[in-house]
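Colleague: The structure that follows is given in the form of structure tokens.
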Amino acid sequence: MAEYQSPWVNDDVRMYRETVRQFVAREFAPQQARWRSQHRADPEAWIKAGAAGLLLPDVPEEYGGGGGTFAHEAVVIEELTRAGVHFGSGIQSIVAHYILAYGSEEQKRRWLPPMARGALVAAIAMTEPGAGSDLQAIKTSARRDGAHYVISGSKTFITNASQAGLVCLAAKTDPRAAPMRALSLIIVETAGLAGYDVGRPLEKVGMHAQDTCEIFFDAARVPAANLLGAAEGRGFAQMMEQLPYERLSIGVSAVASAELAVAMTARYAKERRAFGKPLMDLQNTRFELAQCSSESHIGRVFLDSCIARQIAGELDATATAMAKFWLTDMQCRVIDDCVQLHGGYGYMTETPIARMWADSRVQRIYAGSNEIMKELIAWSL
Ligand SMILES: Cc1cc2nc3c(=O)[nH]c(=O)nc-3n(C[C@H](O)[C@H](O)[C@H](O)COP(=O)(O)OP(=O)(O)OC[C@H]3O[C@@H](n4cnc5c(N)ncnc54)[C@H](O)[C@@H]3O)c2cc1C
């Protein structure tokens, strides 16, 4: 097959990819085993990533970002995925886009430049022990008291939490309002904040290098000026508007991961011998790999159309839900088949395909589970 070129990759994006690839290979890939054991990246990694231009690549330069498009964000996600690196820069971008979309000029100038430099790490906190898919069930409360919100409650499964100096928090500002108007997004600056606490990193099945923790609020006082948006009660609508960005980012990593699994497994099947010949000489191996390669390429072409539409500002929430659901299901199918073709070595944690298998499983669960994605798609019919 002639080499396929993603239509959104131009010379500028190609050059950016080269910079990102070299940086990730030099600075991040060699640290992965240690990051996995400590359950997070080194704090200096954020500053290095900022200096190398990996953070907020699609945020305007006037706010410290790279001034690029979603193509640049996609490149960072792809290059991290291809190098087997877990680093929370995707969440950093997601939070930046909430601030960009709803923040006042003063808020954008205060938070985005340090986020782009890596001096301020961001997390987004929606999920609670009793509210995941059902965001309207959020209980964390933000009660107005003079010039502050008094915040109480807890959040769970929060990525980047242990290092986050800024948390974009979904909380109930009006418990009497209709569920869709009860929530607001408030930016919590965590440094020295009384009544704010972070739990130990949660023990996950995969993605060990990425920190995921619970966070707790006990009457923490946050300036009322940290509300995102001109009025309270817009949090649910803001999340619905911004979640597609997160879901498309997950689609990008899903395809990059499936492509990597196919390439790795094809190599392995040519080297590994059984019954006196390479695994690749067995028709089942060829058929399985042909199936995986076809599915990941179909995924790539659909993803590329979504990326192009996102860059043009034309991507709708339904197509993004399709991308999140189908691409992550495909990723898990492909990687599972690739594990099978690796035999027992595919189940050993030191084998990259085994880690990819464990890492991929959550893609079908977070950022809106794939069942929720199907509900969203069905609503459009
Ligand atoms: C590693 C990891 C990182 C995460 N990072 C973050 C983060 O940074 N910030 C954050 O806020 N959250 C984060 N999450 C939380 C994640 O978004 C939630 O786990 C996810 O939304 C599902 O919510 P839940 O776990 O409460 O499952 P539940 O909502 O309890 O769902 C359980 C099952 O029921 C199904 N289900 C629920 N409702 C419906 C329905 N209406 N129709 C059909 N099926 C349904 C679900 O699909 C699922 O299969 C993270 C989770 C993980 C595991």
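Colleague: Can you name every residue in the range 20-35 that is within 17 Å of Ile77 (Cβ to Cβ) and open to solvent by 70 Å² or more (accessible area, probe 1.4 Å)?
Modeller: Of everything in the range 20-35, those that are within 17 Å of Ile77 (Cβ to Cβ) and open to solvent by 70 Å² or more (accessible area, probe 1.4 Å) turn out to be Arg21, Gln22.
Colleague: Quick check on my filter: what residues within the range 333-374 are polar (S, T, N, Q) and either in contact (Cβ under 8 Å) with a residue 12 or more places away in the chain or in contact with a Leu (Cβ under 9 Å, 6 or more places away or on another chain) (or both)?
Modeller: Gln340, Ser360, Gln363, Ser369, Asn370
Colleague: Which of the residues that make up the range 120-148 are assigned to a strand (DSSP E or B), more than 30 Å from Leu54 (Cβ to Cβ) and not acidic (Asp, Glu)?
Modeller: Within the range 120-148, Ala131, Ser141, Ala142, Arg143, Arg144, His148 qualify.
Colleague: Return the only residue of Gln5, Gln92 being within 19 Å of the chain's Cα centre (by Cα) and of a type in the set (S, T, N, Q).
Modeller: Gln92
Colleague: Still on this structure, please answer the following. Go through (1) in contact with a strand residue (DSSP E or B) (Cβ under 6 Å, 6 or more places away or on another chain); (2) free of Cβ contacts under 8 Å to residues at least 60 places away in the same chain one by one and return the number of the condition Ile151 breaks.
Modeller: Ile151 satisfies all of (1) in contact with a strand residue (DSSP E or B) (Cβ under 6 Å, 6 or more places away or on another chain); (2) free of Cβ contacts under 8 Å to residues at least 60 places away in the same chain except (2).
Colleague: Would you check which residues across the range 160-185 are within 14 Å of the ligand (Cβ to nearest atom) and crowded, with 23+ Cβ neighbours inside 10 Å and list them?
Modeller: Residues satisfying the conditions are Asn160, Ala161, Ala164, Leu166, Val167, Cys168, Leu169, Ala170, Ala171, Leu183, Leu185.
Colleague: Could you grab me the full set of residues in the range 222-233 that are crowded, with 17+ Cβ neighbours inside 10 Å and away from the ligand (no atom under 16 Å from the Cβ)?
Modeller: Correct list: Val222, Asn226, Leu227, Gly229, Glu232, Gly233.
Colleague: Can you confirm whether Arg82 is open to solvent by 20 Å² or more (accessible area, probe 1.4 Å), away from the ligand (no atom under 15 Å from the Cβ) and closer than 17 Å to Val188 by Cα?
Modeller: It is false that Arg82 is open to solvent by 20 Å² or more (accessible area, probe 1.4 Å), away from the ligand (no atom under 15 Å from the Cβ) and closer than 17 Å to Val188 by Cα.
Colleague: Let me ask something else about it. Among the residues of the range 156-197, which ones are part of a strand (DSSP E or B), among the charged types (D, E, K, R) and closer than 14 Å to Arg143 by Cα? Before you say what the answer is, go through the steps one by one.
Modeller: Within the range 156-197, the subset part of a strand (DSSP E or B) is 156-159, 166-172, 183-189, 196-197.
Imposing the further condition that a residue be among the charged types (D, E, K, R) reduces the set to 172, 189, 197.
Answer for the range 156-197, where residues must be part of a strand (DSSP E or B), among the charged types (D, E, K, R) and closer than 14 Å to Arg143 by Cα: just Lys172.
Colleague: Checking Leu112 against (1) open to solvent by 10 Å² or more (accessible area, probe 1.4 Å); (2) away from the ligand (no atom under 16 Å from the Cβ), which test does it fail?
Modeller: Among (1) open to solvent by 10 Å² or more (accessible area, probe 1.4 Å); (2) away from the ligand (no atom under 16 Å from the Cβ), the lone unmet condition for Leu112 is (1).
Colleague: While we're looking at this one, here's another question. Can you name the condition, by its number, that Gly65 falls short on among (1) under 16 Å from Arg14 (Cα atoms); (2) surrounded by 19 or more Cβ atoms within 10 Å (Cβ to Cβ); (3) touching a Pro at 6+ places or on another chain (Cβ under 9 Å)?
Modeller: The failed condition is (1).
Colleague: Looking at Glu203, Glu189, Glu214, which one is under 20 Å from Ser89 (Cα atoms), within 15 Å of the ligand (Cβ to nearest atom) and open to solvent by 10 Å² or more (accessible area, probe 1.4 Å)?
Modeller: From the options Glu203, Glu189, Glu214, the qualifying one is Glu214.
The values are calculated or read from the model by the stated rules, or taken from the named source; none is laboratory data. Computed from a prediction, not measured in an experiment: that's the story for all the values here. Ideal geometry is used to build each Cβ from the backbone, glycine not excepted, and the neighbour counts take in all protein chains shown. All accessible areas refer to the heavy atoms of the entire protein, side chains included, with ligands and DNA or RNA removed. Shrake-Rupley method; radii C 1.70, N 1.55, O 1.52, S 1.80 Å.
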